[in-house]
Every structure is written in C-alpha cells, then in structure tokens.
Amino acid sequence: MRVVQIGSQKEGFMPNCIGAERVRLRLSQTDLGDKLGVSRSIIVRIERDPKSATYDQLERMSQLFGCSIQ
C-alpha cells in the first residue's frame with residue numbers, strides 16, 4: 001500500500017497530493033465529490049488546503065486512492 005502524506009509545503013510535503021491522486025485516477029473534481037458525497041467546491045477547498053478535510057473525508061479518499069493517511 002502506498003503512503004500519501006498531506007501538509008503544507010513549509011513542512012516539506014506536497015501541498016496538492018490529493019489533486020495529484022485524483023488526476024492519477026482520471027477523476028474530475030466533480031467525480032471525486034460524487035464518490036465522497038460532497039460538492040465540487042469542497043474538493044476544491046480540500047485540494048487547496050488538505051488540512052481542511054475531515055477525518056472521514058480523508059479516510060474515504062485513502063480507500064479510493066489505495067493509500068494510507070500519514
């Protein structure tokens with residue numbers, strides 16, 4: 001299982017890894033939102049600031065992306 005770390009660039013992590021994983025799976029922001037049961041605007045917010053995601057959202061994304069949360 002892959003590990004995807006989220007955080008700020010200041011901490012040394014890629015700030016848009018959620019967006020990169022979404023693109024890797026060829027999902028639009030709307031598609032990802034539909035899979036998570038949230039709006040596209042929530043996905044935009046999470047991609048800009050991953051720390052704004054709830055634990056439930058992160059857990060569902062980790063299952064979809066096939067990675068663990070770190």
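The values are calculated or read from the model by the stated rules, or taken from the named source; none is laboratory data. Nothing here was measured: the structure is a model prediction, and the numbers come from that model. Note that each Cβ is placed from the backbone with ideal geometry, even for glycine, and that neighbours are counted across all protein chains shown. With ligands, DNA and RNA removed, areas are computed over all heavy atoms of the protein, side chains included. Shrake-Rupley method; radii C 1.70, N 1.55, O 1.52, S 1.80 Å.
So here's what we get for this one:
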{"read-out": "Any pair with Cβ under 9 angstrom, 6 or more apart, that starts in segment 43-59 at a residue that is farther than 13 Å from I69 by Cβ and ends at one that is among the charged types (D, E, K, R) and surrounded by 11 or more Cβ atoms within 10 Å (Cβ to Cβ)", "value": "I43/R22; E47/R22; S52/R45"}
{"read-out": "Total residues in segment 28-51, condition under 14 Å from C17 (Cα atoms), open to solvent by 30 Å² or more (accessible area, probe 1.4 Å) and assigned to a helix (DSSP H, G or I)", "value": "4"}
{"read-out": "Residue ID - modelled with the lowest pLDDT, chosen from residues in segment 1-24 that are within 12 Å of the chain's Cα centre (by Cα) and part of a loop (DSSP other than H, G, I, E, B)", "value": "M14"}
{"read-out": "Filter result for Q63 (on the phi < 0 side of the Ramachandran plot, modelled with pLDDT under 90 and open to solvent by 50 Å² or more (accessible area, probe 1.4 Å))", "value": "no"}
